[in-house]
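A.B. asks: First the structure, then my questions, so here it is.
The values are calculated or read from the model by the stated rules, or taken from the named source; none is laboratory data. Bear in mind that the values here come from a model prediction, so they are computed numbers and not experimental data. Note that we place each Cβ from the backbone using ideal geometry, even for glycine, and neighbour counts take in every protein chain shown.
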Amino acid sequence: MTTTKRSHIVLLCLIASLMLTLVPKVMATEDGPKWSNQGLVYILAPTLSGTQGVGNLELDVDIDSSDVFDAIDGGFLGMYRGEGERWGVLLDVVYMDLKGGTEDTFEALSGDIELEQTVAIASVTWRVNDLLQLTGGALYSDVAATLSLSGPNNDRQLTVGDDWIDPVVGVLFETPISSAWEFTGSAQIGGFGVGSDLVVVLSGAFSYRFNHRSSVSLGYRYLDFDYDDGDGPDRFKFDLREHGPSIGFRFDF
């Protein structure tokens, strides 16, 4: 692990630890509801499309959602949400290890890509009213890709990767539909040239509550990364869109 990567992980852990430690203590001083907790574990069937590049090589990535379960070697998707009367915290972790084909086309080269990606978002939330919350925090990305290229004259294999942190801001919207159903939607935008040029995270889900402890959610999630850093042979490009349906199990405690 490089010194830069280690420092990024430490920084994100410190941000998450401070939120989990300080926000509940602040809420404990208020005359409001006690701190509530919510966990969500879900499965995502994403379509991946965009461009993965290193140095002067760029390949178009196209992995369809119908092939994702053939491509996936491992993964974890989970979320934690804690909230008091006004303030709260939100932690969202996505880890995927995928293998798939690329569309051709750098100097008649084609091939395969193995993509290992970790995305962790740590946010503080502030409730505006019963329906709307504002969010702000940091998004940590760690991407490692192995490109296996073949062409008429040569075969090449490249292993590349990078990690970075983006500031993110957004909104969280939730509304009951009936006594058992509710809708939750969120939008986050960040990067602003600090890490990525732009990163967008959108999600929406309908949840059905079995009881006051558990519910199931059906939704859709969209992530868009526009990251390009370095020059010459050290250049790393990650311009990728990941989107697809999700199903999850939520529990309150």
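A.B. asks: From 78, 32, grab the single residue that is surrounded by fewer than 16 Cβ atoms within 10 Å (Cβ to Cβ), among the small types (Gly, Ala, Ser) and at pLDDT below 85.
C.D. replies: From the options 78, 32, the qualifying one is 32.
A.B. asks: Sort through 150, 123 and tell me the only one that's modelled with pLDDT of 95 or more, touching a strand residue (DSSP E or B) at 6+ places or on another chain (Cβ under 9 Å) and under 30 Å from residue 53 (Cβ atoms).
C.D. replies: 123
A.B. asks: Out of 59, 48, 40, 90, I need the residue that is at pLDDT 75 or above, under 22 Å from residue 239 (Cβ atoms) and either within 16 Å of the chain's Cα centre (by Cα) or in a loop (DSSP other than H, G, I, E, B) (or both). Which one?
C.D. replies: Step by step, each of 59, 48, 40, 90 is checked, and only 48 is at pLDDT 75 or above, under 22 Å from residue 239 (Cβ atoms) and either within 16 Å of the chain's Cα centre (by Cα) or in a loop (DSSP other than H, G, I, E, B) (or both).
A.B. asks: Condition first: aliphatic (A, V, I, L, M) and in contact with a Gly (Cβ under 6 Å, 6 or more places away or on another chain). Now tell me which residues in segment 207-253 satisfy that.
C.D. replies: 240
A.B. asks: Quick one: in segment 162-219, which of the residues that are assigned to a strand (DSSP E or B) and of a type in the set (D, E, K, R) is surrounded by the fewest Cβ atoms within 10 Å (Cβ to Cβ)?
C.D. replies: Selected residue: 174.
A.B. asks: Let me ask something else. Just to be sure, is residue 245 surrounded by 13 or more Cβ atoms within 10 Å (Cβ to Cβ) and touching a residue at least 60 places away in the same chain (Cβ under 8 Å)?
C.D. replies: Criteria met by residue 245.
A.B. asks: With respect to residue 20, is the statement that it is closer than 27 Å to residue 184 by Cβ, within 22 Å of the chain's Cα centre (by Cα) and modelled with pLDDT under 70 true?
C.D. replies: For residue 20, the condition - closer than 27 Å to residue 184 by Cβ, within 22 Å of the chain's Cα centre (by Cα) and modelled with pLDDT under 70 - is met.
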